[in-house]
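Here's the structure we're looking at; comments come further down.
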Amino acid sequence: MATWKQQRATYGWRRTAVEYLRRQPRIWRRRAVNRWYDLRAVLAGYCNNQPYPAIPGEGGGYAHWRCALKRGHEGMHRPRNYVWNAGGHTDNLPIPHGQPGVDQPWERSMTMTRRQDRQRDRWMNRRYAEMRASRD
Ligand SMILES: [Zn+2]
């Protein structure tokens, strides 16, 4: 999605405000559920590390991935067939056949946290400004 700044520049204040008010309740509900599940996972003793970077090209993974190993585990973080290191660089490393899967009981949504959203917006606005400047 484009940032709100770009949305406003393209469609004007009125349409941007309508769109914002339409989306926000859903986004905040999903964020609240994600935080609630994160809290439950931490209390249940999961590592719950998250690889997702707000800025594209740094690390990898998806916003709903959480480490499903117990807190204080050794080696890479892992949910299901993916692993990542402390820097968030992810890789596919399937669990050997016959071994039990590694997963948390709570499914997160892909909604970014507020901080990630702000970081992404700042990055995108900067990138678009650079692109506009190079086009002129
Ligand atoms: Zn972990």
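The values are calculated or read from the model by the stated rules, or taken from the named source; none is laboratory data. Nothing here was measured: the structure is a model prediction, and the numbers come from that model. Reconstructed Cβ throughout: ideal geometry from the backbone, glycine too, with neighbour counts over all protein chains shown.
In the stretch 65-72, is there at least one residue being surrounded by fewer than 17 Cβ atoms within 10 Å (Cβ to Cβ) and not charged (D, E, K, R)? Scanning the stretch 65-72 turns up at least one residue that is surrounded by fewer than 17 Cβ atoms within 10 Å (Cβ to Cβ) and not charged (D, E, K, R).
The number of residues in the stretch 84-136 that are within 16 Å of the chain's Cα centre (by Cα), outside any helix (DSSP H, G or I) and surrounded by 12 or more Cβ atoms within 10 Å (Cβ to Cβ) comes to 10. Is there a residue in the stretch 102-113 that is within 16 Å of the ligand (Cβ to nearest atom), in contact with a His (Cβ under 7 Å, 6 or more places away or on another chain) and touching a residue at least 60 places away in the same chain (Cβ under 8 Å)? Checked against the condition, which is being within 16 Å of the ligand (Cβ to nearest atom), in contact with a His (Cβ under 7 Å, 6 or more places away or on another chain) and touching a residue at least 60 places away in the same chain (Cβ under 8 Å), the stretch 102-113 yields at least one hit. Against the test of being within 30 Å of K5 (Cα to Cα), aliphatic (A, V, I, L, M), modelled with pLDDT under 90 and in contact with a helix residue (DSSP H, G or I) (Cβ under 9 Å, 6 or more places away or on another chain), the options I55, I27 yield a single qualifying residue, I55.
Note on the stretch 1-18: among residues that are charged (D, E, K, R) and under 15 Å from D121 (Cβ atoms), the one that is nearest to the chain's Cα centre (by Cα) is K5. Within the stretch 24-74, the residues that satisfy the criterion of being away from the ligand (no atom under 15 Å from the Cβ), of a type in the set (V, I, T) and either without any contact (Cβ under 8 Å) to a residue 60 or more places away in the chain or within 12 Å of M110 (Cα to Cα) (or both) are I27, V33. Scanning the stretch 93-136 for residues that are in contact with a Phe, Trp or Tyr (Cβ under 8 Å, 6 or more places away or on another chain), more than 26 Å from L43 (Cα to Cα) and of a type in the set (D, E, K, R) turns up just one, D121.
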